[in-house]
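**Q** Please find one structure pasted underneath; my questions will follow.
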Amino acid sequence: MTPNPILGCGIGLRFQHIDQILAEKPPIPWLEILSDNYLIPGSVQQDYAIEIAQHYPVTMHGVGMSLGATDPFNSEYFLRLKKLADQLNPAWISDHLCWTSAHGWVSHDLLPLPYTEETIKHVVQRIREAQDRLERRLVIENVSSYLQYQLSTLTEWEFITAVAEEADCKILLDVNNIYVSAFNHDFDPCRYLDSISIEHVQQFHLAGYEDKGTHLLDTHGHPVSDPVWGLYKLALQRFGALPTLIEWDNNIPSLEELLAEAHKATEAHIHAFA
Amino acid sequence: MPLLELQQSLISALFQRDQLAEAAKLVKAQGSLSSEQRVGIYRNSTHGILLDYLESLYPVCLDLVGTEFFGRTAHSFMDQAPPTSPFLADYGAGFVTYLAEHPALQDMLWIVEVAKLEWARHAAWHTVNQVASDFAQLEGLSAAQQAELRFQLPASAHLISSSTPIHSIWLAHQEEYPDKPRLEEIDLQEAQQVLIFREQRRLHQTTLSADDWAFLNTLQQQATMSELAEQFAEQLPWLFSVAMQEGWIYSFTTD
Amino acid sequence: MQNKQIITATLMAIGLSAALSVATAEDQKPETEKCAGIVKAGMNDCGANGHSCAGKAAKDSDPAEWITLPKGTCEKIAGGTVVKE
């Protein structure tokens, strides 16, 4: 069955809003389901996700594939993810261009990779394997980062472009993450945008960061900042009015407030081309 | 340096503070932050994510011991036992044992009992759905089959017997809860038997009378109907009535 | 009563209760019920914070030797052992 089309500006589904969404069924263009929270087969949490997917177009977004790790893939993780996808019929599945596990330990945080030719080869092979396991093309997201490795020889935009091309996957461009990393590593975010090939980008993410003085922290705990709205407008002009999603994970606001933030993104779609 | 070694070094720093300096050697110093501070941001972020999760798992324990004590204990727990599964809901059972061994809690081990209850709530919520038996089918059984019947509680059921009133303590910490016990009036010497189980989209938590407790425990040990009749005699029909109406019995087997 | 009679009476009780609980299926009740001593909670109360892709700031704890004492509601509970300073 062809999944429902993903159009316009949606929101990430959070536990706090599920009961309200199911009870009131407010108009929401689409919802992103954080896969990792629904991976116990036959659990009540999956029941909720399945019910949401019956009423709204959904995508699945994950944090646990650990695409850049050198530990072997966790087969159980991929089996459960595939099974969930079979039930939710998402338009696509995304995860991050990063690693989360090593040494048998799992950080549950998104850790950056060293940007080298060697890493490209490794990650490309891992993404291909992940795509085979899930029997679909993946969408990979740029992470925000707070450190750069001595080892890195490439810029992040060179790295992500090469990976997407060679692994034949799509890109979820997180505009806030670009802005956060640009501040933290002192590069020009516009240059980043301009270097990403148009045909690879599938979707945008927007979120709010926290200014810690010495660095920006990607806490998803605030409204989208003005400079990120500015960068988003440039992204729309370059890549077109692609589906966009608001992520909010800390200080989670009311559903109404969250939808209002998504509405601002919809308005940006209109004004970007005015 | 191969990717493997780089990742092992960095993840070690996330869960072992004394590895920070070593991992920092891999990282560029930029602007006003040293490379060690940059690795430190990740250590803090990983710990912050896991602390958030543990606080949401053990909200009453958090209130009982306060945020500072909880935070410190949780941070040292993470360093001692980092997560090893990509499924976050698997993490945190060991925190109960960790609290039980904490030197500052040795005179207040009742707090550990509350932690056990909170973990049971989490585990019950995540137990997979089951199909209930059709009790109408009991009618067609022969007398011999009837005697051999065994009954099951929901798979999510946790029976907790505690020497302290864990249910009352838990209730006293719930906001907007009518007639909740006042903290000052709780008698720590009162023993309580608590049942936690999930029924579709709702988690139930209730105290049990001594009779119900004994009955459900015997059921859970898979006693047969004739053994139950032996043990509970005339009380048995009533015990079953209550248990059935409360949703404590989920299925039966005849083998 | 003989075991056999108890069993017969019990099966009747089970049959009645089963029929009764089907009749009062709880589908329409609110998601969270709060009445004295009985707690029924749904997703809002039970879903522990899950995964997210957000970063966090946390204060790194000082070395482990420095042990703090619990300072929360435990101090209010009657009969609770007073924490030794």
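**Q** Can we say C:T81 is among the hydroxyl-bearing types (S, T, Y) and modelled with pLDDT of 85 or more? Quick ask: steps written out before the conclusion?
**A** Working: among the hydroxyl-bearing types (S, T, Y): yes; modelled with pLDDT of 85 or more: no.
In short, no.
**Q** Output yes when any residue across the range A:184-199 is within 14 Å of chain C (Cβ to nearest Cβ) and buried (at least 23 other Cβ atoms within 10 Å of the Cβ), and no when none is.
**A** Keep residues of the range A:184-199 that are within 14 Å of chain C (Cβ to nearest Cβ), which gives A:184.
Those still in the list that are buried (at least 23 other Cβ atoms within 10 Å of the Cβ) too: A:184.
Yes, because at least one residue in the range A:184-199 is within 14 Å of chain C (Cβ to nearest Cβ) and buried (at least 23 other Cβ atoms within 10 Å of the Cβ).
**Q** Just need a number here: residues in the range A:1-26 that are in contact with a helix residue (DSSP H, G or I) (Cβ under 9 Å, 6 or more places away or on another chain) and without any contact (Cβ under 8 Å) to a residue 60 or more places away in the chain.
**A** Result for the range A:1-26: 7.
**Q** For the range A:41-60, what are the residues that are surrounded by fewer than 18 Cβ atoms within 10 Å (Cβ to Cβ) and within 14 Å of chain C (Cβ to nearest Cβ)?
**A** So the first thing to find is which residues in the range A:41-60 are surrounded by fewer than 18 Cβ atoms within 10 Å (Cβ to Cβ), and the list is A:41-42, A:47, A:50-51, A:54-55.
Residues satisfying the conditions are A:D47, A:I50, A:E51.
**Q** Between residues in the range A:166-180 that are within 18 Å of A:H122 (Cα to Cα) and residues that are among the acidic types (D, E) and assigned to a strand (DSSP E or B), which pairs lie under 9 Å by C-beta distance while being six or more apart or on different chains?
**A** Correct list of pairs: A:I171/A:E141.
**Q** Is it the case, given these coordinates, that B:P181 is assigned by TED's automatic domain parsing to the domain that holds B:L138, touching a Ser or Thr at 6+ places or on another chain (Cβ under 6 Å) and in a helix (DSSP H, G or I)?
**A** Numbers: assigned by TED's automatic domain parsing to the domain that holds B:L138: yes; touching a Ser or Thr at 6+ places or on another chain (Cβ under 6 Å): yes; in a helix (DSSP H, G or I): no.
In short, no.
**Q** Count, please, the residues in the range A:240-258 that happen to be hydrophobic (A, V, I, L, M, F, W, C), closer than 23 Å to A:H17 by Cβ and surrounded by fewer than 20 Cβ atoms within 10 Å (Cβ to Cβ). Quick ask: steps written out before the conclusion?
**A** Filtering the range A:240-258 down to residues hydrophobic (A, V, I, L, M, F, W, C) leaves A:241-242, A:245-246, A:248, A:252, A:255, A:258.
After this cut, where a residue has to be closer than 23 Å to A:H17 by Cβ as well, the list is A:245-246, A:248, A:252, A:255, A:258.
If we keep only those that are surrounded by fewer than 20 Cβ atoms within 10 Å (Cβ to Cβ) too, we end up with A:252, A:255.
Total meeting the criteria: 2.
**Q** Just checking: which of the strands (runs of 3 or more DSSP E) contained wholly in the range A:68-141 hold 1 or more residues that are modelled with pLDDT of 95 or more and on the phi > 0 side of the Ramachandran plot? Steps first, answer last, please.
**A** Values: elements: A:93-96, A:99-102, A:105-111, A:138-141.
The strands (runs of 3 or more DSSP E) meeting that bar are A:105-111.
**Q** When you look at A:A49, is it part of a helix (DSSP H, G or I), farther than 30 Å from B:I11 by Cα, small (G, A, S) and in contact with a Leu (Cβ under 9 Å, 6 or more places away or on another chain), yes or no? It would help to see each step written out before you state the result.
**A** On the way: part of a helix (DSSP H, G or I): yes; farther than 30 Å from B:I11 by Cα: yes; small (G, A, S): yes; in contact with a Leu (Cβ under 9 Å, 6 or more places away or on another chain): yes.
Here the answer is yes, as A:A49 does meet what is asked.
**Q** Would it be correct to say that B:E199 is on the phi < 0 side of the Ramachandran plot, at pLDDT below 95 and among the acidic types (D, E)? First the steps, then the outcome.
**A** Details: on the phi < 0 side of the Ramachandran plot: yes; at pLDDT below 95: yes; among the acidic types (D, E): yes.
Yes.
**Q** Next up: Would you tally the residues in the range B:170-227 being within 25 Å of C:K4 (Cβ to Cβ) and within 7 Å of another protein chain (Cβ to nearest Cβ)? Give the derivation first.
**A** Narrowing the range B:170-227 to residues within 25 Å of C:K4 (Cβ to Cβ): B:211-212, B:214-227.
Pick out the ones that are also within 7 Å of another protein chain (Cβ to nearest Cβ) and you get B:225-226.
The qualifying residues number 2.
**Q** When the range B:1-14 is examined, which residues are found to be of a type outside the set (G, A, S), surrounded by 20 or more Cβ atoms within 10 Å (Cβ to Cβ) and either within 32 Å of the chain's Cα centre (by Cα) or outside any helix (DSSP H, G or I) (or both)?
**A** Restricting attention to the range B:1-14, the residues satisfying the condition of being of a type outside the set (G, A, S) are B:1-8, B:10-11, B:14.
Among the residues that remain, those that are also surrounded by 20 or more Cβ atoms within 10 Å (Cβ to Cβ) are: B:3, B:6-7, B:10-11, B:14.
Scanning the range B:1-14 gives B:L10, B:I11, B:L14.
**Q** Here's another thing I want to ask about it. Quickly run through the range A:209-240 and pick out the residues that are of a type outside the set (V, I, T) and in a loop (DSSP other than H, G, I, E, B).
**A** Taking the range A:209-240 and keeping what is of a type outside the set (V, I, T), we get A:209-213, A:215-218, A:220-223, A:225-227, A:229-240.
Hits for the range A:209-240 are A:Y209, A:K212, A:G213, A:H215, A:D218, A:H220, A:G221, A:H222, A:P223, A:S225, A:G240.
**Q** Still on this structure, please answer the following. Look at the range A:127-154 and say how many of its residues are more than 11 Å from chain B (Cβ to nearest Cβ) and within 29 Å of A:L216 (Cβ to Cβ).
**A** Just the residues of the range A:127-154 that are more than 11 Å from chain B (Cβ to nearest Cβ), to begin with: A:127-143, A:153-154.
Filter once more, so that each one left must be within 29 Å of A:L216 (Cβ to Cβ): A:127, A:138-143, A:153-154.
Adding up the residues that qualify gives 9.
**Q** Residue under question is A:Y146, and the condition is that it be within 30 Å of A:P227 (Cα to Cα) and buried (at least 24 other Cβ atoms within 10 Å of the Cβ); does it hold?
**A** Spelling it out, A:Y146 is indeed within 30 Å of A:P227 (Cα to Cα) and buried (at least 24 other Cβ atoms within 10 Å of the Cβ).
**Q** Follow-up question, since we're still on this one. Would you tally the residues in the range B:107-144 being more than 11 Å from chain C (Cβ to nearest Cβ) and polar (S, T, N, Q)?
**A** Residues in the range B:107-144 being more than 11 Å from chain C (Cβ to nearest Cβ) and polar (S, T, N, Q): 4 in total.
**Q** Quick check on my filter: what residues within the range C:1-30 are part of a loop (DSSP other than H, G, I, E, B), more than 7 Å from chain B (Cβ to nearest Cβ) and modelled with pLDDT under 80? Working first, answer last.
**A** As a first pass, look at the range C:1-30 and keep what is part of a loop (DSSP other than H, G, I, E, B): C:1-2, C:24-30.
Subsequent filtering for residues that are more than 7 Å from chain B (Cβ to nearest Cβ) retains C:2, C:24-30.
Scanning the range C:1-30 gives C:T24, C:A25, C:E26, C:D27, C:Q28, C:K29, C:P30.
The values are calculated or read from the model by the stated rules, or taken from the named source; none is laboratory data. Small disclaimer: the values here were computed from a predicted structure and weren't measured. Cβ atoms come from the backbone with ideal geometry, glycine included; neighbour counts cover every protein chain shown.
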